Amino acid sequence: MSTTQTPPVLAAELAQAWADIQRYHPELPDLAAPESLIGESSSACGHELSFERLLHEAVHGVAAARGVRDTSRAGRYHNRRFLAIAEELGLDHPEEPHPSSGFSLVTLTPEAKRRYRPTTERLQRALKAHSAATAGDTARSFRGPAARHGSSGGGVRVKAVCDCGRNVRVVPSVLAQAPIVCGGCGKPFRIPDVVAAAS
């Protein structure tokens, strides 16, 4: 039971953290589906969901709002335009770009750590609660092909739908790790083909 109740709480905390970033950067678009970030990992954008990762995603959001192409190589290589916006949002970076992901390995500046300390602490508590609630489900959960073969979770996204008609794009192996619950109706998103194949 707890696993179906925790994701909406975490999604709400992600949405609140995003709103905290928007207070300082009003051009940042709204986060359409915070629940789609839960459990997702990407070798280009960091392996763990954290405030630092959320701020990284916000850089992409600001770039999109400005019409700036901030990546290349199918979104893997983060270029100097990404870096310039990352600096505006309070992220620091290594001197040299990573050979395959560019300037994706950004970290919070001391000023950003101070500014967002309450937000970071609140989100960290929600992430710990989510991890604790979902830890026991891994033995009986289906793990998609990407997870079984050691993929970082990146891959082709497919449409997952909920009963109220909303949909999100998600990597199937990510959805297999834990339910992603719709903020509108409170029911889990499902991939239609997987549902049909299972019945």
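Odds and ends about this structure:
- Test result for residue 67, at positive phi, modelled with pLDDT of 90 or more and either touching a helix residue (DSSP H, G or I) at 6+ places or on another chain (Cβ under 8 Å) or not hydrophobic (A, V, I, L, M, F, W, C) (or both): yes
- Any chance residue 174 is aliphatic (A, V, I, L, M), within 16 Å of the chain's Cα centre (by Cα), outside any helix (DSSP H, G or I) and at pLDDT below 90: no
Yes/no per residue for (1) surrounded by fewer than 20 Cβ atoms within 10 Å (Cβ to Cβ); (2) modelled with pLDDT of 90 or more; (3) at positive phi:
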residue: 78; (1), (2), (3): no, yes, no
residue: 82; (1), (2), (3): no, yes, no
residue: 89; (1), (2), (3): no, yes, no
residue: 97; (1), (2), (3): yes, no, no
residue: 105; (1), (2), (3): yes, no, no
residue: 110; (1), (2), (3): yes, yes, no
residue: 114; (1), (2), (3): yes, yes, no
residue: 118; (1), (2), (3): yes, yes, no
residue: 122; (1), (2), (3): yes, yes, no
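- Residue in segment 140-158 that is farther than 23 Å from residue 13 by Cβ, modelled with pLDDT of 70 or more and in contact with a strand residue (DSSP E or B) (Cβ under 8 Å, 6 or more places away or on another chain) present: yes
- Within segment 177-186, the residues that satisfy the criterion of being at pLDDT 80 or above, surrounded by 20 or more Cβ atoms within 10 Å (Cβ to Cβ) and assigned to a loop (DSSP other than H, G, I, E, B) are 180, 182.
The values are calculated or read from the model by the stated rules, or taken from the named source; none is laboratory data. In this text, all values refer to a predicted model and were calculated from it rather than measured experimentally. In this analysis, Cβ positions are derived from the backbone assuming ideal geometry, glycine residues included, and neighbour counts consider all displayed protein chains.
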